[in-house]
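For reference, the structure I am asking about is given below.
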């Protein structure tokens, strides 16, 4: 059996109030070690206040070839953006 | 550089797909792991990022050599932090290479059995404490020259790894300059050591950028793909121009009698390193090639029981948890 440690994706909350953000990946035998290693590798200079690790093979991702069908419909719906509407200056900030 | 003599792989892909791919790169788009890419792009990147990662890991050896003998507790803590950073840099880069479909263990095995290379510079010894200062100043300084432009490389994971690395690399160079400055401003004996370190490490540092452009045959494709951002000679010149005034400030002499400022070019003229020596080191005949590979093999072999033990423990716990459910 191949004894390579599984790959984990690491997510770090940079500051209180912000979302976790993907920062990279590492190998570890289990989640506990993955968090310990993530702490050593990705937070040596106050980069974070919280760590998530997810085994890489547990992540489902959209496919690059779906880019068109997935995202193009939103391009034709400019009225979804607030800038679509002209608000007279007299009305003030809105 | 940390990746030297990377041969661009030939590509036999559909010309239309190739043109679309090149157009994405020319438009400044990033290529991400699941995107279509030419086989040559993938293979060249695996080799380049892998070699860069190996250099970070092997690069820990010449400096680790002095951790227990640093002159003060503060210098020891700083050096320890730097060497730990190098392990991290290796890891970021292995992570980027893995997104191209090669596994971490495969890369490690290719380093250990000599199929993959690491930078020539790490086959030179660090004989005394002055060398540690000189390595930070010159070797990390040379690495930065290459790594800063690579932050803009076309391959997303590689670019992101470079951005992380560059944030930390400046600490490496500055701590080195600070260490050698202390010696250059010290007693006559210390000053002599600083000069001696510069004498020995100057040309090996210039070699880090790889052979002269006229002998560097594979860079056009890599530059079109934006996985090589500058030519070897451009970066070498930039390094010399930056480093000479730093040496002058220390009162040290660059060991090149023909070094002089060329007003017309706006650059220093300097002597190329001995390329015969460079190729010998790449072939495995440098002062420390055997030691370095032996040390990496020993660490890998002697760590096997830890890797296996931790994995067995994790599997046992998972099995126990599943049985309980």
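The values are calculated or read from the model by the stated rules, or taken from the named source; none is laboratory data. All values reported here derive from a predicted model rather than from experimental measurement. Note that each Cβ is placed from the backbone with ideal geometry, even for glycine, and that neighbours are counted across all protein chains shown.
State whether the residues of region A:63-83 include one that is on the phi < 0 side of the Ramachandran plot, away from every other protein chain (no Cβ under 13 Å) and touching a residue at least 12 places away in the same chain (Cβ under 8 Å).
Within region A:63-83, none of the residues are on the phi < 0 side of the Ramachandran plot, away from every other protein chain (no Cβ under 13 Å) and touching a residue at least 12 places away in the same chain (Cβ under 8 Å).
Within region B:176-200, can you find the residues that are surrounded by fewer than 20 Cβ atoms within 10 Å (Cβ to Cβ) and within 20 Å of residue B:82 (Cα to Cα)?
Matches in region B:176-200: B:178, B:181, B:182.
To continue, here is another question. If I go through region B:59-95 residue by residue, how many of them are part of a loop (DSSP other than H, G, I, E, B) and within 13 Å of the chain's Cα centre (by Cα)?
1
Just to verify a result, which residue in region B:300-325, among those that are surrounded by 13 or more Cβ atoms within 10 Å (Cβ to Cβ) and closer than 26 Å to residue B:62 by Cα, is nearest to the other protein chains (Cβ to nearest Cβ)?
B:307
While we're on this one: All but one of (1) within 11 Å of chain A (Cβ to nearest Cβ); (2) free of Cβ contacts under 8 Å to residues at least 24 places away in the same chain hold for residue B:94; state the number of the condition that does not hold.
If we test residue B:94 against (1) within 11 Å of chain A (Cβ to nearest Cβ); (2) free of Cβ contacts under 8 Å to residues at least 24 places away in the same chain, just (2) comes out false.
Which condition breaks for residue B:38 when tested against (1) closer than 25 Å to residue B:111 by Cα; (2) surrounded by 17 or more Cβ atoms within 10 Å (Cβ to Cβ); (3) within 14 Å of chain A (Cβ to nearest Cβ)?
Failed condition: (3).
Then there is this: Could you check, for region A:72-82, whether at least one of its residues is under 30 Å from residue B:314 (Cβ atoms), part of a loop (DSSP other than H, G, I, E, B) and out of contact with any strand residue (DSSP E or B) (no Cβ under 6 Å at 6 or more places or on another chain)?
Among the residues of region A:72-82, not one is under 30 Å from residue B:314 (Cβ atoms), part of a loop (DSSP other than H, G, I, E, B) and out of contact with any strand residue (DSSP E or B) (no Cβ under 6 Å at 6 or more places or on another chain), which makes the answer no.
Among the numbered criteria (1) closer than 24 Å to residue B:99 by Cα; (2) within 11 Å of chain B (Cβ to nearest Cβ), which one does residue A:53 miss?
Failed condition: (2).
Among the residues of region A:30-46, count how many are more than 9 Å from every other protein chain (Cβ to nearest Cβ), modelled with pLDDT under 95 and surrounded by 16 or more Cβ atoms within 10 Å (Cβ to Cβ).
Count: 1.
Somewhere in region A:9-29, is a residue assigned to a loop (DSSP other than H, G, I, E, B), at the interface with another protein chain (Cβ under 10 Å from one of its Cβ atoms) and over 22 Å from residue B:99 (Cα atoms)?
no
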